[in-house]
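This report refers to the structure that appears directly beneath it.
Bear in mind that the values in this text are calculations on the coordinates, not laboratory data. None of the values given here were measured: they were computed from a predicted structure. Cβ placement follows ideal geometry from the backbone for every residue including glycine, while neighbour counts extend to all protein chains displayed.
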Amino acid sequence: MRGNCLGILIFLIACALVAAGPKKGPRSTADRELRSRRTECERDVCHGLIGETKATCAYKCISSECYDEVYAKDEIEEGEVDTERGRQFNACFRRVYKKEQDDKLAQQRKEKAARKAGNSAES
């Protein structure tokens with residue numbers, strides 16, 4: 001009996017952990033946006049390019065600010081794999097994307113407050 005209770009308890013805990021799923025948050029949103037922009041850039045803007053030219057084009061298209069910060073001083077060479085700078089670019093993009101989202105939210109709040117103040121003045 002005690003073994004069955006323990007087994008059921010372990011099963012319930014495992015189910016709760018699986019149901020909780022992976023952590024969702026700003027980072028995963030930024031990562032989805034990064035993938036989306038990369039796909040869009042490679043398909044539309046950098047179409048027809050190959051190799052490092054295509055990669056450079058995609059990085060500039062995704063975020064010129066992050067490209068300048070990470071790659072501009074020492075561009076990628078043909079055949080070079082630089083995972084560290086790739087990580088730096090991704091981190092830069094997350095930071096820039098978060099700032100964009102924060103600025104957008106602040107602007108929306110400001111507009112809402114202005115509308116509310118305008119409605120109060122009319123009353």
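Just a few scattered comments:
- For the pair GLU78 and ASP44 in one chain, pulling the backbone fully straight at 0.36 nm per residue adds 10.0 nm over the alpha carbon distance.
- Each peptide in 106-117, 42-53 gets a packing score, the mean of other Cβ atoms within 10 Å over its residues, and the list from highest to lowest is 42-53, 106-117.
- The length gained by stretching the chain between ARG37 and GLN108 to full extension, at 0.36 nm per residue less their Cα-Cα distance, is 23.2 nm.
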